[in-house]
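In what follows, a structure is listed as structure tokens, so that the remarks can point back to it.
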Amino acid sequence: MELLDRLSGQLQALDAHSLIRRRRTVDSPCGPRVQVDGRELLAFCSNDYLGLANHPQLVAALRDGAARYGAGSGASHLISGHARPHALLEDRLADFVGAHLERPRTLTFCTGYMANLALIAGLTAGEREADIFSEALNHASLIDGARLSRARVHVYPHADLAALEAMLKASHATTKLVVTDSVFSMDGDLAPLPALLALCEQHNAWLVVDDAHGFGTLGARGHGALEHFDLRSPYLVYMGTLGKAAGVGGAFVAAHETVIETLLQKARPYIFTTAAPPALAHALLTSLDLIEGDEGVQRRAHLQALVAQLDDAHSGLQLQRWQRLPSATAIQPILIGDNADTLRAGAALYAQGLWVGTIRPPTVAPGTARLRVTLSAGHRATEVAQLSAAINALEKEAP
Ligand SMILES: *Cc1c(COP(=O)(O)O)cnc(C)c1O
């Protein structure tokens, strides 16, 4: 069949460029040590930054939520799927990040991907003139949200405030959105949020912050990037995900109540989908307690110590040719460049029982394939030393 032949041809082309992606099936809960194909591996690739995904209190809360509210929500939020735990979670999240917003309110989503689609499309819906200013390294879901919105999209170079300012000055749109990751997911660096917010206030633009990797990990109480930078503004529209540091799944948008009401009325990815199981929302209330409490403080401190350990002369990384990107977060990329070299490095680590993500185009720019090490509060210092030694040795042997 000609249609299938076309698809097969495209898949073969991906394979020829070392771009085929393969899944591995995990037989244990998410954690630093996982079971795959009967082997125990030490994993440095999840986004479970605080090690909460298999926390006994969270697992118990999920079980309790299922016992009280059942398995599924049965409908979308606007029909009958909006359950008590969803409402409690919205309120709790508004307390969590509300200090940084004006008249804060929140809305929860099944995934961060959907939250970003909803937020960008919803903020520009019904606008004849909308301009979106999108940071070059933004996550795919922000890019897709901009496409769904049908607004004009202007991409500004990574962290280039001068370029963004020139674009804002040239825009005469009635609605302007500057859209950025807070922690860049494949590079690990932080966006200059205070300067971005100042520009937005000056040019009457929304600042949409995707804090997928900051929520739970940044700020003294884990409230995220807005706490970290001590920002407060009615121009802020905040998106946090609940499947990474929070250890469960889902996402939320926090903003001025008028923004949230607009999304509730107009954002199609919010309206036309089944609400997440209420048990997840119930478990997330426990997750927020853990993040904010003493345990969260300790876990963030341990995570920061592990990040700092990578600089250590004895138990850290010493690289000559591969480039460790400057990052102070749990995301620690090691740039190799070539796709096949990167896959080989990943496979060699895997053979030693070390599971590290290999990131290739189109997730990153061509020629910048990399190992993406992610650290978690669940890791021990000895395990980070083991990983560092293995990567150091591998780089020495690499062609
Ligand atoms: C993971 C991620 C998302 C999507 O969140 P999900 O809940 O996994 O759908 C959005 N933005 C960024 C920057 C991410 O890393």
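Rule-based calculations on the coordinates, nothing more; no lab input. Just so it is clear, the model here is predicted, and its values are computed rather than measured. We place every Cβ from the backbone using ideal geometry, glycine too, and count neighbours over all the protein chains shown.
Annotation: amide H-H contacts under 5 Å for Ser76 (H modelled 1.01 Å from N, sequence separation of 5 or more, or interchain): Gly81, Ala275. Please compute the modelled spin-label separation between Val155 and Gln202, points set 7 Å along Cα→Cβ, answer in nm with one decimal. Going by the 7 Å Cα→Cβ label model, 2.5 nm. Considering only C-alpha atoms, what is the centroid distance from segment 121-158 to segment 20-47, in Å? Result: 35 Å between the Cα centres. Using the count of nearby Cβ atoms within 10 Å as a rough guide to exposure, how do Lys176, Lys169, Lys244 rank from fewest to most? Lowest to highest Cβ neighbour count: Lys169, Lys176, Lys244. What the phi angles of segment 29-35 give under the Karplus curve with 6.51, -1.76 and 1.60, with θ = phi - 60°, is a coupling list of x, 4, x, x, 10, 10, 9 Hz, glycine and proline written as x.
With the convex hull of the Cα atoms taken as the outline of segment 56-292, the averaged projected area works out to 11.6 nm². Stick to the Cα atoms of the chain, pair each with every other, and give me the Kirkwood hydrodynamic radius in Å at one decimal. Answer for the chain: a Kirkwood hydrodynamic radius of 22.1 Å. The dipole here belongs to the chain: it is taken about the Cα centre, uses +1 on the Cβ of Lys and Arg and -1 on the Cβ of Asp and Glu, and is about 680 debye. Applying 1/(1 + (r/R0)^6) with r as the Cβ-Cβ distance of Ala385 and Thr363 and R0 = 22 angstrom yields a FRET efficiency of 0.20. Derived scalar couplings between HN and Hα for segment 294-303 equal 4, 4, x, 4, 5, 5, 5, 5, 5, 4 Hz in order, rounded to whole Hz, by the Karplus curve 6.51 cos²θ - 1.76 cosθ + 1.60 (θ = phi - 60°), x for Gly and Pro. Dividing the mean sequence gap of close Cα pairs (under 8 Å, 6+ apart) by how many residues the chain holds gives a relative contact order of 23 percent. The phi torsions of segment 181-190, fed into the Karplus equation with coefficients 6.51, -1.76 and 1.60 and a -60° offset, translate into couplings of 5, 7, 10, 6, 5, 9, 10, x, 7, 9 Hz, rounded to whole numbers, with Gly and Pro shown as x. One decimal place: the segment Phe272-Arg147 gains 43.2 nm when fully extended, by the rule 0.36 nm per residue minus the C-alpha distance. Close amide H pairs (under 5 Å, H built 1.01 Å from N) link Asp181 with His139, Asp210, residues at least 5 positions away or on another chain.
Model label points for Arg221 and Asp289, set 7 angstrom from Cα along the Cα-to-Cβ axis, are 1.6 nm apart. Once the Cβ-Cβ distance of Glu397 and Ala163 is raised to the sixth power relative to R0 = 51 Å, the FRET efficiency obtained is 0.80.
Secondary-structure-derived ellipticity at 222 nm for the chain, considering helices only, amounts to -13000 deg cm²/dmol, per-run term -39500 (n - 2.57) for DSSP H runs with n ≥ 4. Relative contact order of segment 56-292, taken over Cα pairs closer than 8 Å and 6 or more residues apart, is 32 percent.
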